[in-house]
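What follows is one structure encoded as structure tokens, with my remarks underneath.
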Amino acid sequence: MTSTEAKLKERIKELTCLYDVTSIIVNSDYDQLETSLEAIAFCLKNAWQFEKETEVFLSCGQYQVQTKNFNESMVCLQSGIKVFNKDSGEIKVGYPSNKYTLADFLIEEQKLLDSVSLAVGNLFERKQIRDSEITVKRQMERTDRLYILGEITAGIAHELNTPLANILGFTELLKDRITDKQAIRDLEKIIDNTIFSREIVKKLMFFACEMPQEMKTIQLIPIIENVLKLLQPSLQEKQIKIIKTFNKDAIELKSDTVQVTQVLFNLIMNAVFYSPKKGHIRLNVIDKPNNIEINISDEGIGIPKKNDDKVFEPFFTTKPIGEGSGLGLSVVHGILNSHKGSIRHKPNSPKGTIFTVDFPKL
């Protein structure tokens, strides 16, 4: 192709392609990115010299699109896609190898392909920025909600403590004065329910970080063993096997013994509840230079994606009515915050959930 008219025609196709690709990117729906990438591949196909023979392959991250007849045996021009200066994919534009060679491509076509690859990389960068902003916004909203709930909860807990103590005290006094057996049984029910209510108040105060902390150096492994002894009846009932691993024989942590026990008890008890009969719970403790990492994994049904942001909210539970108050993970979250630590969860493989707790070495 040497005529001025032909060269001009190719330049027009290239400029049209760049304009169309830019328009597609500007109007892209980040939630339906595959549609935009398919349109970009079609634009590239039309921009090449032998457009009827041209096929396009585009891959970036989890996305992969191609025109109908593309195959790996084709002779191709290719250009890498960089997202924040990291190699994240590529675009290939090819001709059938039985009819064409690399010499049949134009120099300008490689430049065009590089420009489109750069534009696609910019598109993915903007998508990542948008996704990060949404995540940060959700985290801030969740933090605000938890802070407000913490304030309200602390007030409620303080208000309930006094009347519950009075109910418990006066009921025990009445029990000592009454001889009627039925009345004594009724009073014992009142006492049991009052103690249960007081435990809920205690959990509320844990969540609101209102419980006083006694920070001291503790041995973590004996505490874990004690928690497992407490949970032995539940483990035996479901025939669940605990698999423990520690990277050191002795692991020290500066923390509050009661609160660490509360964290471990709640997380392991949750794992037991959601584990299938004869399942396995893995408890892995890693002593790192700056923190102690505790991983607790189960083989249960896992956490639905829609509940990812709700699991640490107070009073949220997926357990049947009467099986849980929705405060266990909220308490754990509050304790970890007060220790300047963190808790997170992710899916286990092939099923279940892994909770990871980090206690900093203060």
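In the range 42-95, the residue that is surrounded by the fewest Cβ atoms within 10 Å (Cβ to Cβ) out of those that are touching a residue at least 40 places away in the same chain (Cβ under 8 Å) and over 21 Å from Asp20 (Cβ atoms) is Phe84.
Does any residue of the range 237-252 turn out to be assigned by TED's automatic domain parsing to the domain that holds Lys288, at pLDDT below 85, at negative phi and not charged (D, E, K, R)? Scanning the range 237-252, I find no residue that is assigned by TED's automatic domain parsing to the domain that holds Lys288, at pLDDT below 85, at negative phi and not charged (D, E, K, R), so the answer is no.
So, in the range 107-127, of the ones that are within 13 Å of Lys82 (Cα to Cα) and polar (S, T, N, Q), which residue ends up surrounded by the most Cβ atoms within 10 Å (Cβ to Cβ)? Across the range 107-127, the extreme among qualifying residues is Ser117.
Each row is one residue, and each column tells you yes or no for (1) of a type in the set (Gly, Ala, Ser); (2) modelled with pLDDT of 85 or more; (3) not in a helix (DSSP H, G or I).
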| residue | (1), (2), (3) |
| --- | --- |
| Glu199 | no, no, no |
| Lys203 | no, no, no |
| Glu210 | no, no, yes |
| Ile223 | no, yes, no |
| Leu228 | no, yes, no |
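Taking (1) of a type in the set (Val, Ile, Thr); (2) closer than 19 Å to Ile343 by Cα; (3) in contact with a His (Cβ under 8 Å, 6 or more places away or on another chain) in turn, Ile243 satisfies each apart from (2).
Conditions (1) of a type in the set (A, V, I, L, M); (2) under 16 Å from Thr353 (Cβ atoms); (3) touching a residue at least 60 places away in the same chain (Cβ under 8 Å), marked per residue:
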{"site": "Val227", "(1), (2), (3)": "yes, no, no"}
{"site": "Glu237", "(1), (2), (3)": "no, no, no"}
{"site": "Phe246", "(1), (2), (3)": "no, no, no"}
{"site": "Asp249", "(1), (2), (3)": "no, no, no"}
{"site": "Glu252", "(1), (2), (3)": "no, no, no"}
{"site": "Thr257", "(1), (2), (3)": "no, no, no"}
{"site": "Leu267", "(1), (2), (3)": "yes, yes, yes"}
{"site": "Val272", "(1), (2), (3)": "yes, yes, no"}
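Say we look at the range 60-105 and pick out the residues that are in contact with a Gly (Cβ under 9 Å, 6 or more places away or on another chain) and aromatic (Phe, Trp, Tyr); which of these is farthest from Asn122 (Cα to Cα)? Among them, the one singled out is Tyr100. Scanning the range 253-270 for residues that are within 14 Å of Lys241 (Cα to Cα) and modelled with pLDDT of 90 or more yields one hit, Ile268.
Within the range 280-310, being among the aliphatic types (A, V, I, L, M) and either modelled with pLDDT under 90 or buried (at least 18 other Cβ atoms within 10 Å of the Cβ) (or both) holds for Ile281, Leu283, Val285, Ile292, Ile294, Ile296, Ile301, Ile303. If you scan the range 253-264, which residues turn out to be surrounded by fewer than 19 Cβ atoms within 10 Å (Cβ to Cβ) and touching a Leu at 6+ places or on another chain (Cβ under 7 Å)? If the condition is that a residue be surrounded by fewer than 19 Cβ atoms within 10 Å (Cβ to Cβ) and touching a Leu at 6+ places or on another chain (Cβ under 7 Å), then Lys254 is the only one that fits.
For the range 1-39, a tally of residues being within 19 Å of Gln128 (Cα to Cα), surrounded by 17 or more Cβ atoms within 10 Å (Cβ to Cβ) and either among the basic types (Lys, Arg) or touching a residue at least 60 places away in the same chain (Cβ under 8 Å) (or both) returns 5.
The values are calculated or read from the model by the stated rules, or taken from the named source; none is laboratory data. As the structure is a prediction and not an experimental result, all values here were calculated from the model. Every residue, glycine among them, receives a Cβ derived from its backbone with ideal geometry; neighbour counts consider all protein chains shown.
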